[in-house]
Amino acid sequence: MITNKSKNLNSFELTAIHFIKELKAIFADSGAVLILIGALIIYPLLYSFGYFNEVLTNLPVGVVDLDQTSASRAYTRMLDATENVSVNCKPHSLKQAEELFMTNKIDGVLLIPKGFQKDMLATKQTNVAVYADGSYLLKYKTFYTAASTVNALFGAGIGVKHYLAEGKSLRQAKIAAGPLSIQTHTLYNPSGAYGSFIMPGLIIIIIQQTLLIGIGIMGGTFSESKASPFQLKAAKRYREIIPLVFGRVGAYLLISLFNICLALIIIHHWFSYPDKGNFLDVLMLLFPFLLAVIFFGIGLSTLFRHRESAIVFMMFLSPIALFLSGISWPVSAMPEWLAGLSKILPGTTGVPAYLRIRTMGVGLMEVKTEVLKLYLQAGSYALLTIGYFFVRMYVDRRNVKPENEF
């Protein structure tokens with residue numbers, strides 16, 4: 001109901017009214033609270049505990065040793081001593097190893113051929129065969145890396161012994177066996193930890209998607225109620241549109257502030273994720289990112305007439321948003337049309353910039369292009385959303401007779 005008092009409300013007061021009204025509506029809706037707040041507690045913790053070990057270790061493999069010599073046994077011991085794999089069985093034949101592999105008792109097989117030691121002593125090249133599960137890239141990479149490391153070390157050891165037997169000094173033998181020394185420096189994620197690689201960007205996507213789903217639910221619920229969101233009478237509602245939109249934006253920004261403190265500070269600290277950047281720079285980046293997400297969400301929410309429609313659509317959008325963010329596959333490697341389409345979602349721009357600040361330790365000036373793009377996105381979605389309300393109000397006023405107005 002429009003009261004006499006509401007006739008004199010200024011823009012600031014209207015914004016405050018809609019801010020408080022939206023917060024009350026959110027906390028009165030258990031589904032919205034679960035998505036907007038509960039999900040930001042459950043999902044990051046669940047994934048973080050799942051990736052707690054960070055790297056895949058002690059992968060069970062089998063070694064088929066057809067040579068049965070001191071050299072082949074030494075090779076097997078070296079393989080078992082690596083952190084990556086664990087030799088937990090030694091099948092007598094490749095067929096037996098295949099049966100163990102097919103029943104998921106082992107995740108890989110290494111075959112040492114007959115004549116392994118004889119060929120090495122005769123300074124002939126010999127080979128070992130690695131059978132790994134190429135359908136599971138993490139297991140494949142882990143086993144292949146372990147076998148490659150053992151091959152390099154074992155081969156270098158044989159070379160040193162050969163040169164020592166020729167009368168060279170230990171230093172000369174080492175140089176002759178390995179004339180090229182390679183120094184590898186892994187930046188930003190030295191241990192190659194999967195959790196530290198995937199979780200920082202994934203948390204940003206979770207923030208984006210939970211906001212979009214929560215805003216969509218609220219929009220669908222409000223549409224179902226068929227109530228008016230306005231405080232002023234119909235003739236003056238044009239000046240209430242901007243306070244309405246920005247009041248709602250403020251409510252979701254406040255909730256996002258809590259989520260940021262939980263997900264980007266507490267969880268980052270608990271699980272020791274990379275944190276090389278200035279957190280003020282992080283906040284300066286996240287502000288336009290959140291604005292873009294919220295304006296985008298409010299605009300989308302106007303299309304939903306039922307809360308179930310919002311849930312279904314946003315859940316459908318979630319895996320697409322994850323893929324288009326570039327976490328699982330670089331955007332630069334996508335087809336041009338798909339890379340262009342990905343720019344619709346703020347996460348595509350926000351996630352790489354966030355990772356550069358948080359993981360690589362760059363300053364805000366190094367990601368200024370991304371920050372400007374996010375502000376441009378936020379401004380575009382704000383104009384589209386406000387424009388929608390103006391058009392909708394114009395259409396509604398033309399469909400309502402003057403005597404029926406407040």
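A short reminder: the numbers here are calculations on the coordinates, not readings from a lab. Quick caveat: nothing in here was measured; it's all calculated off a predicted structure. When we count neighbours, we look across all protein chains shown, and the Cβ atoms used for this are built from the backbone with ideal geometry, even at glycine.
Among Val362, Val293, the ranking by other beta carbons within 10 Å of each residue's beta carbon, starting with the fewest, stands as Val362, Val293.
Computed over neighbours whose Cβ is under 13 Å from that of Lys139, the net charge equals -1, Lys and Arg +1, Asp and Glu -1.
If you wrap the tightest convex hull around every Cα atom of the stretch 255-383 and split its volume per residue, you get 128 Å³. Ranking Leu202, Val331, Ser223 by how far each Cα lies toward the positive end of the dipole of the chain (charges on Cβ) leaves Ser223 at the top.
Close amide H contacts of Val128 (hydrogens built in the peptide plane, cut-off under 5 Å, sequence separation of 5 or more or a different chain): none are found. Each residue of the stretch 36-48 was assigned a 3J(HN,Hα) from its phi angle through the Karplus expression (A = 6.51, B = -1.76, C = 1.60, θ = phi - 60°), giving 6, 10, x, 5, 6, 8, 6, 5, x, 5, 4, 5, 5 Hz with x at Gly and Pro. Annotation: amide H-H contacts under 5 Å for Asn88 (H modelled 1.01 Å from N, sequence separation of 5 or more, or interchain): Val61.
Size descriptors for the stretch 1-130: radius of gyration and Dmax over Cα atoms are 32.3, 103 Å. The charge dipole of the chain, taken about its Cα centre with unit charges on the Cβ atoms of Lys, Arg (+1), Asp and Glu (-1) only, comes to about 680 debye.
Stokes-Einstein at 10 °C, 1.306 mPa s, Kirkwood radius from Cα pairs: D for the chain in µm² s⁻¹?
On the way: Rh = 25.8 Å.
Result for D is 62 µm²/s.
Think of the stretch 36-132 as having a plus end and a minus end, set by charges on the Cβ of Lys, Arg, Asp and Glu; of Tyr43, Ala132, Val63, Val63 sits farthest toward the positive end of this dipole. Over the chain, DSSP H runs of length four or greater, each weighted -39,500 (n - 2.57), average out per residue to a 222 nm ellipticity of -20000 deg cm²/dmol.
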